[in-house]
Structures are given as C-alpha cells and as structure tokens.
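Colleague: Please see the structure below; I have some questions.
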Amino acid sequence: MPFDALLFAQSENITNWLTPVWLISLGIALGFASVLIGIAKLYVGQKIGFFNSVAEKPSLFAIFGVATGLIYTGLFVAWFGWRYGWSAMDESFFVGTLLVLGATLLLGFGIWKLVSRKMIGELNGLVFDGFLAWLNRICIAMAVFAVAGFGLAAVDGFGIIKFVDEPLEFVNSLARLPFTGTFEKQFQVKPSPKNHSGDPFEVSFDGNELQWFSVASSQRIELASQPITAELPLNQVYEISESTEPAKFRQRADGRGPIPNETIDKIYLNNLGSEPAQVTLSYTLAPIYAEASIVLWIALSVVAIYFGYLSLMSLFPKSAAIAQATFKTEICQPLYLLVLAAGMAFVVLSIYVPYNTFGEDIKMYKDSGLTLIRVLAIFLAIWAASKSVAEEIDGRTALTVLSKPVGRRQFILGKFSGISLAIGLLFIVLGIWFVGFVAYKPIYDFREASKGLAEWNVCFTEAVHVIPGLFLCFLEVLIFVAISVAISTRLGILANFLICFSIYVLGHLTPLIVQSSLAAFEPVQVFGQLVAIVFPVLDHFDVQAAISSNADVPVSYLTWSIIYTALYGTVTLLAALVMFEDRDLA
C-alpha cells in the first residue's frame, strides 16, 4: 500500500511509526512544562526583595552562586550513587562530575542574575524573542502532538489514525523508572527439616517488571514465590545447587515460571544442606515499557537548553546583544531556509532510494542522513561567519559596533554565539525531522521486503540510536564555527571555504596520518605530528558504525567529546581574539 494511502484508514504501520515520535514529543512537552514552571519561579523571585538584590552585591552574589551550583552537583552525585551504586563511580564519573559542576555553577550564577531587579524588563525579551522564540514554537507544536496522542488513543483514533496505542501505560512506566534497576539482597537460611514449606523472606518487586535474577548459595536450596508444599507443582520451584557462581534465570514473559507476573512481597527458601546457607539474591527490574526512559532524557535536555541559554545571556549581556542580532540576521537569510528545505527534502526522498544492501538499507540511510546534515551545517557555518564577520569588517560595520561600549572580545564571542545558535536551531529542526523518518524507514523496508509488520519497538530502536550521532555532529560543527570565525577576522569567504575544507578532510584522516607517521621517513613523521597537534581529530565525532549497528554510545564518550570540543573551541577563539585585536578596522 502506498505511503499516502495509509492515512485514509487506521493502520498499525502508522501507529508503530508514530509511537517513537510521540515518545520524543512527550519528552519535549514534559521538559517545556518544567521550563514554564521554572520561568514562573524567576518572575516570582524578581518580586521578592531579598532575592532580587543578591546580584547587586558581589560578595553575596559569589556565595549564593557557588552554593547553588554545589547543591545541584551534590544532588547529581547523590542520585547517581542511589541509582547505580557507589562502586560505579569510576574515572569517567569524576570527569563527568567536573563537567556537571561547571554547568551547575553557570546555572547557579545565572539564576541569581535572572531574578535581579535589572532583569525585570529583560527577561521577557530573552524568553519571547530570538532563539527561544523559535524554540517555544517547536516545543508547543510537539506538546500539541503529545496531547493529541492521549486524545486519539481515548477515542480509538476515530477509526482513522492513532499516534500511540497505550499512552497511559507509557506514563506509568515513566513513573516507575526511579524504582527500577538492579538490586541485591542477602539472606541466611537455617537447614530446613523434612517437608518444610520454606522460610519466608521479605522482598518487594513486580513480576511484570522482573527481567533477570540470579541466586548464589553456599548450600543446595529451593526457591519459590509461595510456600513449598507437596501440592506445589515442580515447575514452580527453582532448585539451586551449591556454588560460588550465581545461577542466572530469565523471567518468562508469560509469567508461567516460578515467579508469576504479579506483586511479590515474599520469597520462600528451603535449605536442603546440613549447614546454614548464605544466599545472595540479585534481580533486575525494568518498567513494562523501558523505552519510556527516553522521555526523561529528552525532558532534561530541553530544560538544559533553556536555562543554559538564559544563564549565558544574563551573565554576558554585551555578547548576548550581538549574539541575538547575529542569530536573527542569519535565520532570515534565504540561504538558511534553502539549506533547511534541502535537508528536509533529502531526508524524505532518501527513504525510497534503493541502496542494494540486501536488507540493510536503514544503515546506509542513517549514515547518509547524518553526513548530509553535518556537511550542510558546516557549509552554513562557514558562510555565516564570512558574511557576519569578514564582510562587517570590510564594510566597516564592525567599526560602528565597536564604537559603542562593546569590546573586541564581546564582538567575537557574540558572533560565535549567534552563529552557534543558528546552527543549533538547524540541528533541532532537522534532527527531529530526521529521527521521525528514521522511525518510518523500518516500516517501508519491511513492506518492500514482504516481511510483514515492523513493530513499534523496532522503529524506536532505530530512531533513538541516531540521537547521539546528531549531538556529536553538532559538536563537530561548533569546532568549525570557531575556526570560521577565527579565519574571518583576516580572510574572506573563498579562503575560509578552502581552509575549512582542508581541515575537514585532514581532521577525518588524522588517525590514518598519525599511524602512517610511524614510518621511518622523517618528513612523514613531522607532518603526522603537526596534523595531530594543530588540526582537530574529527574522527572522534564519527560514530556511524555504532549507530548503524544500534550499539549504545556511552555517556562517558559523549562527556569526553564535550570536553574536547570546549578545549579546542576555546583555543581557536583565543586565536581569533589575538588576530582580531590588532586588526585595523578603519
């Protein structure tokens, strides 16, 4: 059946396609609701005399800003320890904690700046103008989609279309997330007499959420979820032999095993040995729809974007003014809309391209989509930097701006921030669009290969694993924004394109060049070392292999990528400031 014909009658294909999109929209809606609550608190804080005067007193502002950041960091550490255990705090965790500390300190100072009396007339401009104005529209549209999913499910889609089958079950699974994970309990069981029904021990879990459990015992034991009597069928009892290695069991989906799909508050253990048994029970719980966890991550991302933006704009007002003006200028350019339209058209049309990969077309689709979005964004970044920096210097517009109380540092940082915001908006729009159609690709491929119905969780897996790739592509483009701004302080658009193209090629070939520098030929060694030191290692941002195989990209890897981008971007912007400092603008 053609794609457009599916919309005229309710189809499981459409529901399975839109369920992952609905989950993402639910996360955006939840994050946007949290943002609205937070902004309302800022407005209330501006009316309280003590709060709105903290930013006016430098010592008090420093104390309250640091204290707020430390409190948020402490909450993060406490949550991590409770959720994953203190033993999981390795080197990557401490590096991530330092990154979280920097972000929370920025947020802490930003909050107290935003509630100050000086921001009473400025907060509206930040929230309802510029970058956040566009982000508000996107969030409202996705929130409407999420609410419509609840409504259509309640009326069975009017027999025409449903976005999701059981939205309330996803909400229940989301509420259960804090109570799931891996848990461990230890018991000491005395030797049991003959025909003993077992000693009861208290536990608390739902059999529907049980995924795995393991039992290690120093004696041979029997385990059941109810008293072990002669009437109890043998298939309702686990017999565990004495062993130092735990015996692992997977919970049956139909609940016909010894652990039924119901709430379990006690287990019964029978010690068949002659000595007291030391029993260790470990079990892993997951909500019925474990995919609901993406809602929480999306919501946290939305909150981080909003309040990170508001904090930076409030703490650096001069650079913020230039960033706002640059952002508005860039998104109004016809080229910006052309790039956006070209990216959206490619994402849709590429679905129907036969890649001839013998059933693996979706891997090529994801790889080509990510590459196109990255290249389009880099092209737009170079163009924007050249038009916004180089042409303003040549046209002496920069001289007019710098004649006001704006320094050269604020000018460069403002231009970098404004272009980055325009690129960020491009990634948000194209990212949501791309993820939505990645979710549709299995539907199309299954139908073309006559494989039947592609389940929604297959679509979800394919779609969600693209998100880390999009984020890493954005980090890579940020490096090119910094490089383009630095080049634009001295050279024009043609030189900018040529240099950035060379850096793009060499940056992705850096590992091969460094490997080849191990040869004995000295010029090759020197060139390899020079490339590794001067040029960014862009291969770090290329995880297409992991994305194509639906492998998880570790959070630690994303954390190190953020740190690398921040360090290289900072060095590049410092070079831009040095080159721009003595540039004759007259």
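Colleague: By how many degrees, 0 to 90 and rounded to 10, does the Cα axis of helix 58-84 deviate from the longest principal axis of the chain?
Modeller: 30
Colleague: Nearest 20 debye, what's the magnitude of the dipole of the chain about its Cα centre given +1 on Lys and Arg Cβ and -1 on Asp and Glu Cβ? Intermediate results must be reported in sequence, preceding the final value.
Modeller: Details: 35 positive and 45 negative charges, 418 e Å.
So the magnitude is around 2000 debye.
Colleague: Further, regarding this structure: With only Lys, Arg, Asp and Glu charged, each at its Cβ (+1 for the first two, -1 for the last two), find how big the charge dipole of region 181-285 is about the Cα centre; round to the nearest 20 debye.
Modeller: Details: 9 positive and 14 negative charges, 35 e Å.
About 160 debye.
Colleague: Here's something else I'd like to know. What is the calculated FRET efficiency for ARG137 to TRP297, with r their C-beta to C-beta distance and R₀ = 25 Å, to the nearest 0.05?
Modeller: Given R0 = 25 Å and the Cβ-Cβ separation, E is 0.65.
Colleague: Could you let me know the centre-to-centre spacing of region 136-189 and region 196-237, using Cα atoms, in angstrom?
Modeller: When both Cα centres are located, 32 Å separates them.
Colleague: If you don't mind, there's one more thing I want to ask. Rounded, prolate or oblate: which fits region 181-285, taking a ≥ b ≥ c as square roots of the Cα gyration tensor eigenvalues, rounded meaning a/c under 1.5, else prolate when a/b beats b/c?
Modeller: Taking the square roots of the gyration eigenvalues as a ≥ b ≥ c, region 181-285 is oblate.
Colleague: Please name whichever of LEU413, LEU272, LEU506 sits farthest to the positive end of the charge dipole of the chain, dipole taken about the Cα centre and charges placed at Cβ: Lys and Arg +1, Asp and Glu -1.
Modeller: Of the candidates, LEU413 comes out farthest on the positive side.
Colleague: Local charge sum around PRO317 (other residues, Cβ-Cβ under 10 Å, Lys/Arg +1, Asp/Glu -1)? Please report the intermediate quantities before stating the final value.
Modeller: Numbers: positive: LYS113, LYS118, LYS318; negative: GLU122.
Computed value for this residue: +2.
Colleague: Rounded to the nearest 500, what is the 222 nm mean residue ellipticity of the chain from helices alone, with -39500 (n - 2.57) per DSSP H run of 4+ residues and division by all residues? Mind showing how you got there, number by number?
Modeller: Working: 19 runs with 357 residues, N = 586.
Mean residue ellipticity at 222 nm (helix-derived): -21000 deg cm²/dmol.
Colleague: Does anyone have the angle between helix 334-349 and the longest principal axis of the chain? Alpha-carbon axes, 0 to 90°, nearest 10?
Modeller: Taking Cα atoms only, the helix is inclined about 30 degrees.
Colleague: Rg and Dmax in Å for the chain, alpha carbons only: what are they?
Modeller: 28.6, 100
Colleague: Need one number: nm distance between label points at ASP90 and GLU455, each 7 Å from Cα along Cα→Cβ, rounded to one decimal.
Modeller: 3.1
Colleague: From the square roots a ≥ b ≥ c of the eigenvalues of the alpha-carbon gyration tensor of region 316-586, which class results: rounded (a/c under 1.5), prolate (a/b over b/c), or oblate? Walk me through the numbers on the way to the answer.
Modeller: On the way: a/c = 2.40, a/b = 1.50, b/c = 1.60.
The shape class here is oblate.
Colleague: Which residue, chosen from VAL435, TYR564, THR489, occupies the Cα position most advanced towards the positive end of the dipole of the chain, where the dipole is computed from +1 (Lys, Arg) and -1 (Asp, Glu) charges on Cβ about the Cα centre?
Modeller: Farthest towards the positive pole: THR489.
Colleague: Within the set LYS366/LYS415; LYS47/LYS318; LYS162/LYS441; LYS190/LYS266; LYS47/LYS113; LYS41/LYS328, which residue pairs have Cα atoms separated by over 21 Å? Intermediate results must be reported in sequence, preceding the final value.
Modeller: Numbers: LYS366/LYS415 32 Å; LYS47/LYS318 25 Å; LYS162/LYS441 19 Å; LYS190/LYS266 17 Å; LYS47/LYS113 14 Å; LYS41/LYS328 28 Å.
Among LYS366/LYS415; LYS47/LYS318; LYS162/LYS441; LYS190/LYS266; LYS47/LYS113; LYS41/LYS328, the Cα-Cα distance tops 21 Å for LYS366/LYS415; LYS47/LYS318; LYS41/LYS328.
Colleague: Would any residue of region 237-279 have its amide N under 16 Å from a label point 7 Å out along Cα→Cβ of TRP212? List them or say none.
Modeller: 245-253
Colleague: Something else about it: Just want the answer: with Cβ charges of +1 for Lys and Arg and -1 for Asp and Glu, which residue in LEU152, SER301, VAL21 is farthest toward the dipole's positive end in the chain?
Modeller: Value computed over the given set: SER301.
Colleague: Continuing with the same structure: With +1 on each Lys and Arg Cβ and -1 on each Asp and Glu Cβ, and nothing else charged, work out how big the dipole of region 59-201 is about its Cα centre, in Debye to the nearest 20.
Modeller: Working: 10 positive and 10 negative charges, 76 e Å.
So the dipole magnitude of region 59-201 works out to roughly 360 debye.
Colleague: While we're on this one: Between region 37-73 and region 539-586, what is the C-alpha centre distance in whole Å?
Modeller: Region 37-73 and region 539-586 have Cα centres separated by 31 Å.
Colleague: As an exercise, use a Förster radius of 51 Å and the Cβ-Cβ distance of ALA495 and ALA551 to find the FRET efficiency, rounded to the nearest 0.05.
Modeller: Details: r = 40 Å, r/R0 = 0.78.
For R0 = 51 Å, the calculated efficiency reads 0.80.
Colleague: Just to be sure I understand the model, the point goes 7 Å from the Cα along the line to the Cβ. What's the resulting LEU506 to ALA247 distance in nm?
Modeller: Each label point is offset 7 Å from its Cα along the Cβ direction, giving 6.3 nm.
Colleague: Same structure again: What longest range of the chain stays clear of loop-exposed chymotrypsin sites (Phe, Trp or Tyr not before Pro) (DSSP non-H/G/I/E/B, at most 13 other C-beta within 10 angstrom)?
Modeller: Numbers: sites that count: PHE50, PHE358, PHE521.
Here the longest segment lacking exposed loop sites spans 51-357.
Colleague: Contact order normalised by length for the chain, with contacts defined as Cα pairs under 8 Å and 6 or more residues apart; what percent is it?
Modeller: Working: 858 pairs, mean separation 96.1, N = 586.
Averaging sequence separation for qualifying contacts and normalising by length gives 16 percent for the chain.
Colleague: Which angle from 0 to 90°, rounded to the nearest 10, does the C-alpha axis of helix 361-385 make with the longest principal axis of the chain?
Modeller: 30
Colleague: Give the percent of DSSP beta bridges with both residues in the chain that are antiparallel, rounded to the nearest 5.
Modeller: Numbers: 34 of 35 bridges.
Just about 95 percent of them are antiparallel.
Colleague: Now a separate question. Tell me the net charge near ILE120. Cut-off is 14 Å between Cβ atoms, ILE120 excluded, with +1 for each Lys or Arg and -1 for each Asp or Glu.
Modeller: +2
Colleague: Let me ask something additional. Around LEU574, what is the net charge, scoring Lys/Arg as +1 and Asp/Glu as -1 over all other residues with Cβ under 13 Å from its Cβ?
Modeller: Values: positive: ARG408, ARG409; negative: GLU581.
Residues near LEU574 contribute +1 overall.
Values quoted throughout were computed directly from the atomic coordinates according to the rules given, and no laboratory measurement underlies them. Predicted model only: the values in this text are computed from it and were never measured. Cβ sites come from the backbone with ideal geometry, for glycine too, and all protein chains shown count toward neighbours.
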